[in-house]
Amino acid sequence: MLLPQVASATTYQPTGPIERRYAADGPWATATMVTRPCDREGNVCDIWYPSDLGSNPLKQETTGFHHPAIVFADGTSDGITADYAAFFLRHLASWGFIVIRSRDGATGQGDTVLDTASFLLDLAKNTGSIFYEKVDADNVGLVGHSQGAATTTLLFSRNTPIFKTYVPIETPIRPFCVIAKCTIDLGALAKVTHGSILYIGGDLDAASSLPTNLGYYAPTSSKIDKVMGMIAGGSHGEIQGNPGCESVGIPLYCNIGAYPLLGYPTAWFMWKLQNAADGPAAFSENGELSHAAPNWLGVLSNVRNR
């Protein structure tokens, strides 16, 4: 019996033209900073951002561009380090986003995540900040990993007004969230009226398997755009690749690295926060992710061609 070949860091290649486009670095050079404490728990924030703030090379604009923002919610940890998911987050910044995360390893109900978003928006109002009048407050997204993915889905279920779109990556099984205080009300998912969501799991991730992700996707309201996809051969820690798994150092926790997370999550945020025209072609029920992405399994979508 022939089995499908599992992708590895050396074999994973984006296949469709949209995935290939966004898996490559974007046109913005990037910079990074560490801030003062930015949330109620006293955690510092890391910010990845385009070094030429206010420019938009995609539109040949040198000034006046307001950058959409992405907040990242970390997975469970007693101490988040600066390099946690850093390759992935820097990649998003190369596509024009200002990306911020608190080093909170227990995001739970999302209080520190909301603090982090407010911290960035306050910087955008501070005349002494490099982000003064550089942030598009109407286009803020949320992405999270593991416990942070559960927090992301939880805030989505509450119609949190500050966030326009959500990407939970490796959302864990519900018993974990009982312990971590990030339990998602499935009934609330059916009542969502605001935003959009892209659920991502790994088909070798016991904590975020196909049934687990389907258990979140299925009850999610069909009144908003919702998509689900599983990384073929993906485990729980791919997002920590730099970009490969060598630096992760935990067997079977990272099989491929960050490579599969560069293309479609970036394409999603470009569609939802920067109005990229190729979003429906990537994510519709007849789109590239569903029919031309062999490295992805179990894809479901309610997005219509537009």
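The values are calculated or read from the model by the stated rules, or taken from the named source; none is laboratory data. From a predicted model like this one, the values you see are computed outputs, not experimental measurements. So basically every Cβ, Gly included, is an ideal-geometry build from the backbone, and we count neighbours across all protein chains shown.
Here are a few things to note about the model shown:
- Selection of first residues in region 284-303 that are without any contact (Cβ under 8 Å) to a residue 24 or more places away in the chain and crowded, with 17+ Cβ neighbours inside 10 Å and of second residues that are part of a strand (DSSP E or B) and hydrophobic (A, V, I, L, M, F, W, C), restricted to Cβ pairs under 8 Å at least 6 apart or on distinct chains, gives the following pairs, ordered by first then second residue: 290/299.
- Some residue of region 91-99 being out of contact with any strand residue (DSSP E or B) (no Cβ under 7 Å at 6 or more places or on another chain) and of a type in the set (Gly, Ala, Ser): no
- Unique match (being part of a strand (DSSP E or B) and modelled with pLDDT of 95 or more) among 46, 25: 46
- So residue 289, is it within 14 Å of residue 200 (Cα to Cα), in contact with a strand residue (DSSP E or B) (Cβ under 7 Å, 6 or more places away or on another chain) and in a strand (DSSP E or B): no
- Of everything in region 109-129 that is over 17 Å from the mean Cα position of the chain (by Cα), of a type in the set (Gly, Ala, Ser) and not in a helix (DSSP H, G or I), the residue that is surrounded by the most Cβ atoms within 10 Å (Cβ to Cβ) is 124.
- Residue within region 69-87 that is over 24 Å from residue 245 (Cβ atoms) and modelled with pLDDT of 95 or more present: yes
- Residues (touching a residue at least 60 places away in the same chain (Cβ under 8 Å) and touching a Phe, Trp or Tyr at 6+ places or on another chain (Cβ under 7 Å)) located in region 166-188: 167
- Residue count, region 222-241 (criterion: part of a loop (DSSP other than H, G, I, E, B) and either surrounded by fewer than 17 Cβ atoms within 10 Å (Cβ to Cβ) or not polar (S, T, N, Q) (or both)): 10
- Subset tally (residues that are surrounded by fewer than 16 Cβ atoms within 10 Å (Cβ to Cβ), out of contact with any Gly (no Cβ under 7 Å at 6 or more places or on another chain), of a type outside the set (Ser, Thr, Tyr) and assigned to a loop (DSSP other than H, G, I, E, B)) for region 174-196: 4
- Look at region 64-93: where a residue is under 18 Å from residue 141 (Cα atoms) and a partner is crowded, with 24+ Cβ neighbours inside 10 Å and among the acidic types (Asp, Glu), sitting 6+ places away or on another chain with Cβ atoms under 7 Å, you get 74/104.
- Conditions (1) in contact (Cβ under 8 Å) with a residue 60 or more places away in the chain; (2) in contact with a strand residue (DSSP E or B) (Cβ under 9 Å, 6 or more places away or on another chain); number of the one not met by residue 278: (2)
- Summed over region 130-150, residues that are surrounded by fewer than 15 Cβ atoms within 10 Å (Cβ to Cβ) and hydroxyl-bearing (Ser, Thr, Tyr) total 1.
- Residue identified as in a helix (DSSP H, G or I), modelled with pLDDT of 95 or more and surrounded by 24 or more Cβ atoms within 10 Å (Cβ to Cβ) among 216, 199: 216
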